[in-house]
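K.L.:
I am attaching a structure below and will ask some questions about it afterwards.
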Amino acid sequence: MKFQNIHAILFDLDGTLIDSAPDLGAAVDKMRVDRGMSSLPLAHYRPMAGAGARGMIALAFGHTPEHPDYEAMKEEFFRNYEACMTERTFAFEGVVQMIESLIAAKLPWGVVTNKSKRFAEPLTQAMPLFKTSAVLVCGDTTPYAKPHPAPLLEAAKRMGVEPSSCLYVGDDERDIVAGHAAGMKTVAATYGYLGLHSDVQKWQAHAHIQSPSELATLVSY
């Protein structure tokens, strides 16, 4: 299929544009090592990297947000992540070229992430990739995070485009849910983190891509 009348493309951040799993995994794994526990491989953490502290702490310690130690452990994880979040994080292969093609076509793009401003702003400011991004809406920019449509609607408003003329690309079911609720076209990035035991076909995205380069085949520039 080919989307028509797309005036802006919005992307999720972690697992869609950038591979931050190595730094997220390292941040929580340090917590294990600091407690005298064995280190776990990145492959253990990667599927849930998109779930942030909740996903990482669950995989490292089996704790849910209801655990009495969760809040203290979450802040410890945040501090660890702040100290290393640009050490091993890179754009996925093909992302730079994808963004260059959008710029060449004068198609504006931006980022809508559930990552809080505390991390999303310094991370994107440290990566040249994001110099051409028209907007960054974080998990705490609006009163709601995805799967609520508010962050996507805020991004469209800031870019001065109608939500119906936006395409949203993400690697988590909540991205697709939020995109539908905002009245946008949606693309599932199946090369991303996806979560454990996810059935991407059930997300009901309008389209799927197995690599960033495939996005160009879906949009008429």
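Each value in this text was obtained by applying a stated rule to the coordinates, not by laboratory testing. A quick note: this is a predicted structure, and the numbers were derived from the prediction, not measured. Here the Cβ is made from the backbone with ideal geometry for all residues, glycine too, and neighbour counts use every protein chain on show.
K.L.:
How large is the charge dipole for segment 21-84, taken about the Cα centre, if only the Cβ atoms of Lys, Arg (+1) and Asp, Glu (-1) carry charge, to the nearest 20 debye?
P.N.:
200
K.L.:
If amide hydrogens are placed 1.01 Å from N in the peptide plane, which non-local residues have theirs closer than 5 Å to the one on S116?
P.N.:
Result for S116 returns G139.
K.L.:
Please tell me which of these pairs span more than 25 angstrom C-alpha to C-alpha: K74/K117; K146/K185; K157/K185; K131/K202?
P.N.:
Beyond 25 Å: K131/K202.
K.L.:
Which whole-Hz ³J(HN,Hα) couplings does segment 204-212 yield from phi under the Karplus relation 6.51 cos²θ - 1.76 cosθ + 1.60, θ = phi - 60°, glycine and proline marked x?
P.N.:
In residue order, the calculated couplings are 6, 5, 5, 7, 10, 10, 9, 7, x Hz.
K.L.:
Follow-up question, since we're still on this one. Taking the Cα atoms of segment 21-84 alone, what are Rg (to one decimal) and Dmax (as a whole number) in Å?
P.N.:
Using the Cα atoms of segment 21-84, the pair Rg, Dmax is 10.3, 27 Å.
K.L.:
Sticking with this structure for a sec: So if I place +1 on the C-beta of Lys and Arg and -1 on the C-beta of Asp and Glu, and nothing else carries charge, what would the dipole magnitude of the chain be about its Cα centre? I want it in debye, nearest 20.
P.N.:
380
K.L.:
Only counting other Cβ atoms within 10 Å, I'd like H197, H63, H44 sorted with the fewest neighbours first.
P.N.:
H197, H44, H63
K.L.:
Once the principal axes of the Cα atoms of segment 94-221 are found, what is the range along each, listed largest first in whole angstroms?
P.N.:
34, 34, 28
K.L.:
Kindly provide the helix-only [θ] at 222 nm of the chain, computed as the sum of -39,500 (n - 2.57) over DSSP H runs of four or more divided by all residues, to the nearest 500 deg cm²/dmol?
P.N.:
Details: 8 runs with 82 residues, N = 221.
Theoretical 222 nm ellipticity from helices: -11000 deg cm²/dmol.
K.L.:
Could you list E173, E75, E66 so that the one with the fewest beta carbons within 10 Å of its beta carbon is first and the one with the most is last?
P.N.:
In order of increasing Cβ crowding within 10 Å: E66, E75, E173.
K.L.:
Take every Cα pair under 8 Å in segment 21-84 that's 6+ residues apart, average their separations, divide by the length, and report that relative contact order as a whole percent.
P.N.:
40
K.L.:
Additional query: Picking from A134, A53, A104, which is most flexible by a Gaussian network model of the chain using Cα springs under 10 Å?
P.N.:
Checking each option, the largest mean-square fluctuation is seen for A104.
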